[in-house]
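The values are calculated or read from the model by the stated rules, or taken from the named source; none is laboratory data. Here the structure is a predicted model, which is why all the values come from computation and not from measurement. Note that each Cβ is placed from the backbone with ideal geometry, even for glycine, and that neighbours are counted across all protein chains shown.
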Amino acid sequence: MKTCIVTVYDSINCGSYWQAFALGEAMRQMDCEVQYLRRDPKGASSSASTCIRSVLSNCKHGRFAVAGRYLLAVKKFRRLRSELQIIDKTDDIDCFVLGSDTIWNMDSQYFREHANTYWGIDFFPRKTITYAASAANTKAEKITQELHDAVGKLYAVSVRDQHTRELVKDDTDKEIRIVCDPTLLLVKSDYRKYIGSNTEKKGYVYLYLNAPLSHKQGEELKAFCRDKGLNIINGFTYNKPDYCDKCIVAEPKSFLTYMFHADYIVTDTFHGTVFSVNFNKPFVSLTRGKNKVKEFLDICGLTDRGHEDDAGMVSKLSCPIDYAAVNAEISALREKSLSYLRETILE
C-alpha cells in the first residue's frame, strides 16, 4: 500500500517533527510504504527567509549565543527532515493520510492559504482519511463551508480532540473517532534508539515552554531545586532565562534525551505534556487556555497536573503520579487508534 502523509514535518518544533515521524513509523509497521507530501515552505517557520530574519534580529540585539543555538537547531532539523521520504508527485498514491497537528486551524494563515491540500480537496476522489486532525482553538463561526464540504467527502475521519469533533460532527454520516496523538502510537521503547545518554552531572528540571515562567513561578522553582540539589534546564526557546542554569539546543533528539532523563518536567505545550506522560515523568502542564492540553489530561485522568495559577506550581510538581491507571488508559486508546489506521488504510 503506497501512502502519503500530509502534515507538518519540517516546522522548527520538536513535537511537530515527532508527530510526523511517529505516524509514519506506525504505518511502516503495518507494511505500508510511507511518503510525505512536500510542503510549500513560504510562510513556514523553517523557510529560509524566516530563519534569516530570526538570526539577523538576534544579532542586531547582541544575542549572538541565541542566534548560534538557533542555527545549530535548524541544521539538525534539516538533517532529520532529509531522512524522510518527501515527494512532489502523487500519481501512484493509494491512500492519503491528512496527518495530525493543527491542520484545520482557521487562525493560522498558513493553513488557510493551503486549504485544498490540508483539507484533502486536491486528492479527491482517491482514498483520503484524516488521522488526529485538530482545529486547535478555532471558533465554530470561523469554519468555512469549504471545509465542511470536504469533511463529507473523506473516506474516514478521526480527530485529536472533542472540540474538533464538535466542529465537524454534522458534516459526515461516518463515525468521527477520537484517536491518540501520533507520538503515542509509539511506546517508550520505540523511542529509545533516538535517545542519547545523560551527560548532566546533576539531576534537573527540564523546562519545555513556549512562554517563560512568571517571576513568582521562577522563584518558587529555584527554591524547589535548591532544596533537592537540581539544576533548571531550558529546552525550547534559545535564550537562557535568569531562573535557568543552562539552555540547550532545542532540536528533536536533544528534546527526547532531556525529556527521558529529567527528574521533573514543566511544560506549556501539547507535545511536552504528551511525552511527559508517555515517559511516565513527574510533571506540571501550564495549560494557558489550550483546549487540546486540557482534554488530553482529562483523558489520562491527570486533570490535576494542569495548572493555570501564578502560585502553587511547585506543590503539584512534587506530588507523585500513579502511572499504572494512566498507562492502561493510554494503552487502550493506542490500540483503538492503531485499529482505526489498519481498518481505514488497509481495507
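Some points to look at:
- Qualifying residue in segment 65-80 (condition: surrounded by fewer than 21 Cβ atoms within 10 Å (Cβ to Cβ) and in a loop (DSSP other than H, G, I, E, B)): no
- Matching residues in segment 47-97 - criterion: being of a type in the set (K, R) and in contact with a Ser or Thr (Cβ under 7 Å, 6 or more places away or on another chain): none
- Residue match in segment 321-344 (condition: out of contact with any Asp or Glu (no Cβ under 7 Å at 6 or more places or on another chain), under 25 Å from E220 (Cα atoms), in contact (Cβ under 8 Å) with a residue 12 or more places away in the chain and in the same structural domain as P252 (by TED's automatic domain parsing)): yes
- Here G289, G272 are screened, and the one residue that is assigned to a loop (DSSP other than H, G, I, E, B), in the same structural domain as L213 (by TED's automatic domain parsing) and either closer than 16 Å to P182 by Cα or not charged (D, E, K, R) (or both) is G289.
- Residue in segment 88-100 that is at pLDDT below 90 and in a loop (DSSP other than H, G, I, E, B) present: yes
- F21 assigned by TED's automatic domain parsing to the domain that holds S134 and surrounded by fewer than 14 Cβ atoms within 10 Å (Cβ to Cβ): no
- Meets criteria (hydrophobic (A, V, I, L, M, F, W, C), more than 30 Å from A262 (Cβ to Cβ) and under 16 Å from the mean Cα position of the chain (by Cα)) for A135: yes
- Of all the listed residues (M1, M27), the sole one being in contact with a strand residue (DSSP E or B) (Cβ under 7 Å, 6 or more places away or on another chain), surrounded by fewer than 15 Cβ atoms within 10 Å (Cβ to Cβ) and of a type in the set (A, V, I, L, M) is M1.
- Segment 185-208 residues that are within 15 Å of H271 (Cβ to Cβ), paired with ones that are part of a strand (DSSP E or B) (beta carbon under 7 Å, 6 or more apart): Y206/I233; Y206/I265; L207/I232; L207/I233; L207/N234; L207/V266; Y208/I265; Y208/T267
- Residue in segment 218-226 that is of a type outside the set (F, W, Y), crowded, with 21+ Cβ neighbours inside 10 Å and more than 22 Å from F21 (Cβ to Cβ) present: yes
- Those strands (runs of 3 or more DSSP E) lying entirely in segment 169-268 with at least 3 residues under 19 Å from V284 (Cβ atoms): 204-208, 231-234, 264-267
- Breaking point among (1) outside any loop (DSSP other than H, G, I, E, B); (2) touching a residue at least 24 places away in the same chain (Cβ under 8 Å); (3) closer than 16 Å to I321 by Cα, for N280: (1)
- Count of segment 4-16 residues which are within 13 Å of A250 (Cα to Cα) and either in a strand (DSSP E or B) or touching a helix residue (DSSP H, G or I) at 6+ places or on another chain (Cβ under 6 Å) (or both): 3
- Selection of segment 17-43 for residues being touching a Ser or Thr at 6+ places or on another chain (Cβ under 6 Å) and either part of a strand (DSSP E or B) or closer than 21 Å to T269 by Cβ (or both) yields W18, Q19, A20, A22, V34.
- A single entry from V179, V159, V205 fulfils the requirement of being over 22 Å from R334 (Cβ atoms) and either touching a strand residue (DSSP E or B) at 6+ places or on another chain (Cβ under 6 Å) or among the aromatic types (F, W, Y) (or both): V205.
Residue-wise test of (1) buried (at least 21 other Cβ atoms within 10 Å of the Cβ); (2) aliphatic (A, V, I, L, M); (3) more than 30 Å from T138 (Cβ to Cβ).
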position: D245; (1), (2), (3): no, no, yes
position: D268; (1), (2), (3): yes, no, no
position: P282; (1), (2), (3): no, no, yes
position: E295; (1), (2), (3): no, no, no
position: D304; (1), (2), (3): no, no, no
position: D310; (1), (2), (3): no, no, no
position: Y323; (1), (2), (3): no, no, yes
position: E343; (1), (2), (3): no, no, no
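- Filtered by the rule that a residue be more than 21 Å from T287 (Cβ to Cβ) and surrounded by fewer than 19 Cβ atoms within 10 Å (Cβ to Cβ), segment 124-139 gives F124, P125, R126.
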